[in-house]
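For reference, the structure is listed below as C-alpha cells.
The values are calculated or read from the model by the stated rules, or taken from the named source; none is laboratory data. Quick caveat: nothing in here was measured; it's all calculated off a predicted structure. Cβ atoms come from the backbone with ideal geometry, glycine included; neighbour counts cover every protein chain shown.
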Amino acid sequence: MISTLIVTIAMLSAQPVQSRPPNVVLIMADDLGWNEVGAYGQKKIRTPNIDRLAEEGIRFTDHYSGSTVCAPSRCVLMTGKHTGHSAVRANSENGGWGEDDPEGQYPLPDEEVTIAEALKRAGYATGCYGKWGLGGPETEGHPNRQGFDEFVGYLCQRKAHNFYPTHLWRNQEKLPLGNPYHNGHEKIAEPLESESDYTERWSSGTYSCDVMRDAAVEFIHEHADRPFFLYYPSLIPHVAIQVPDEETDAYPHEWDTEHYLGQKGYLPHARPNAAYAGMISRLDREIGQLMDALEQEGIADDTIVIVTSDNGTTWAGGVDAEFFDSTGPWRGLKGSLYEGGIRVPMIARWPGRIPAGSTSDVPSSFQDHLPTLCAAAGVDAPAGHDGRDLMPVLTGRSDTVDREHLYWEYINKQAVRKGRWKGLRLKLKQGDEDIVLYDLQTDPGETTDVADRHPEIVADMKRILAFEHQANEAFPLPTIDLPPPGAEGR
C-alpha cells in the first residue's frame with residue numbers, strides 16, 4: 001500500500017504542471033506614428049518604457065493598423081475582420097458637438113464576436129480603459145455588451161477631442177469630473193498673453209487619462225489571481241494637444257516659435273511641439289505604471305504586453321509631423337492608405353516565450369491580434385475572422401505566416417499589400433477605378449507609380465480588391481457598390 005502510494009505520487013510529480021493562461025495587456029495609442037517612439041528611431045521624444053518593452057520583446061517593422069482612422073481600426077482589432085468584411089468601415093457620428101448632443105459612433109453589432117468575448121468565455125476577467133468609439137450609451141455596441149466586465153473612459157470619439165471633459169463613463173453610468181465644457185474645437189484670432197492663459201482656459205482640472213490609468217492599475221491589482229484581458233485604448237497623442245504643464249516643460253522652449261491658434265481644428269496651445277512630445281511621454285509613463293502594477297503583483301512574466309497604434313500621425317490640430325519625422329520613411333498621414341497612414345509600431349513582450357531584442361519584418365495587421373491572443377490563451381478563435389496566429393512569429397519558431405496579402409478600404413479608397421507590391425485605388429469618388437502600383441522593396445516612400453510596367457501585377461491586384469470586398473450598406477464604396485457619377489443621367 002505504502003509503496004503503491006509512493007509510486008503514484010512520483011508519477012503525479014513527474015507530470016508537467018499546467019500553468020494558467022497568460023494575462024494580456026493590449027495598449028493601443030491613438031494616432032501614434034510609426035517613428036514617434038525611440039525603438040523605431042525617434043530622436044526628440046523620450047519613450048523609455050516603450051523602448052524597454054522592445055528591448056525585452058519583439059519589434060515588428062511591417063505591422064499595419066486596421067484602418068487609417070479611429071473607429072474602423074478599432075473594429076478590426078476587436079473582431080479580427082479586415083475592412084472588406086468588418087461591420088464598421090469609417091467614422092460615422094451619432095450626434096454633434098453640443099454638450100448634451102447624443103454620444104457615440106456607429107455601434108458594433110451584437111452578432112460580432114470580440115477578443116473580449118472570446119477570452120471572457122475562457123474565464124478571463126476583462127476590462128477596457130480609454131476611448132471606445134464603437135457605440136454610445138444604451139447601444140448594442142457598448143463595451144459592456146461586447147465582452148468587457150468593466151469600462152472606464154470615453155464612449156464617444158468626439159468627446160475624446162477634449163482631455164478635460166465634463167465626464168467619462170464607468171460602465172453604464174456617467175462619471176462626473178467637474179471640468180468646464182469645451183467641445184474640443186475652438187479658435188482664437190490672436191495669441192493669448194501668456195502660456196498660463198492657455199493652461200487656465202483649456203488644460204486645467206481633472207486630466208482624463210489619469211482617471212483611466214488609475215482604473216486600469218486597480219483592475220490589475222483586483223484580478224492578479226486569475227487570467228485577465230486589459231485593453232487600454234489611450235487617447236494619446238490624438239489632438240487636441242493637451243497635457244499637464246510638467247510634461248510640456250520637459251521639452252525645449254525653442255521648439256516653438258509660434259502659438260497654435262486652432263486654425264487646423266481642435267484647441268489652441270502656446271507650445272504645440274513641446275506639448276505634443278509631452279503627451280507621448282505621458283503615455284509612456286502610463287505604460288510604465290501599468291508595468292509597475294504587474295511587477296508588484298508578481299505577474300509581469302505571466303503577461304503578454306502589446307503596444308501599437310490605431311493609425312498613423314495626424315495632419316491636424318497643431319501637430320508637426322515633419323518636425324518629429326513622425327512616420328519615418330513612409331508617405332502619408334492619418335486618413336491616407338499610403339504607408340504613413342496605416343503602418344504603425346507594434347511591440348510585444350512575454351518573458352520566456354518571446355525572445356528579447358528580436359525583430360520581425362513579417363507583414364501583419366490588426367486582424368491578427370484576435371487569433372493570436374486566442375491561441376495564447378488556449379481557446380478557439382471565433383469563426384469568420386481574417387487574421388493569422390502570430391504566436392509562431394512572436395516566439396521565434398517561424399519567420400512567415402500563411403497569407404498571400406493584406407487588404408484595406410476606407411470611404412472611397414482601397415489598398416492591398418502583396419509581398420513587395422502595394423496597389424491602391426485612390427479616386428473611386430470620381431468614378432476612377434484605376435490602380436496605382438508601388439514597389440515597396442525599391443520605393444518604400446511610394447513615390448513612383450509602376451503600374452504601366454507590370455500589367456500582370458495590376459491584374460492580380462484587381463482580382464484581390466474584388467475578392468476581399470463584401471458590400472456593406474452602411475459604408476458603401478463609390479462606383480463599386482454605388483452607381484458611378486453621372487450614371488443617373490444616362
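Tabulated results
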read-out: Residues of the stretch 408-449 satisfying the condition of being small (G, A, S) and free of Cβ contacts under 8 Å to residues at least 60 places away in the same chain; value: G419, G423, G431
read-out: From the options D399, D452, residue that is surrounded by fewer than 14 Cβ atoms within 10 Å (Cβ to Cβ), free of Cβ contacts under 8 Å to residues at least 40 places away in the same chain, assigned to a helix (DSSP H, G or I) and not assigned by TED's automatic domain parsing to the domain that holds R353; value: D452
read-out: Some residue of the stretch 456-469 being part of a loop (DSSP other than H, G, I, E, B) and either surrounded by fewer than 16 Cβ atoms within 10 Å (Cβ to Cβ) or without any contact (Cβ under 8 Å) to a residue 12 or more places away in the chain (or both); value: no
read-out: Subset of the stretch 201-246 that is basic (K, R) and surrounded by fewer than 18 Cβ atoms within 10 Å (Cβ to Cβ) - its residue that is nearest to R170 (Cα to Cα); value: R226
read-out: Set S204, S196: member being at pLDDT below 95 and either assigned by TED's automatic domain parsing to the domain that holds I280 or part of a helix (DSSP H, G or I) (or both); value: S204
read-out: Residue match in the stretch 120-129 (condition: in contact (Cβ under 8 Å) with a residue 40 or more places away in the chain, aliphatic (A, V, I, L, M) and farther than 30 Å from V416 by Cβ); value: yes
read-out: Failed item, numbered, when Q18 is tested on (1) modelled with pLDDT under 75; (2) under 30 Å from I342 (Cβ atoms); value: (2)
read-out: Candidates D101, D51, filtered to the one that is surrounded by fewer than 20 Cβ atoms within 10 Å (Cβ to Cβ), assigned to a helix (DSSP H, G or I) and touching a Gly at 6+ places or on another chain (Cβ under 9 Å); value: D51
read-out: Residue pairs meeting the criteria (Cβ under 8 Å; at least 6 apart or on separate chains; first buried (at least 24 other Cβ atoms within 10 Å of the Cβ), in the stretch 340-362; second assigned to a loop (DSSP other than H, G, I, E, B) and of a type in the set (F, W, Y)); value: G340/W34; G340/W330; R343/W34; R343/W330; V344/W34; P345/W34
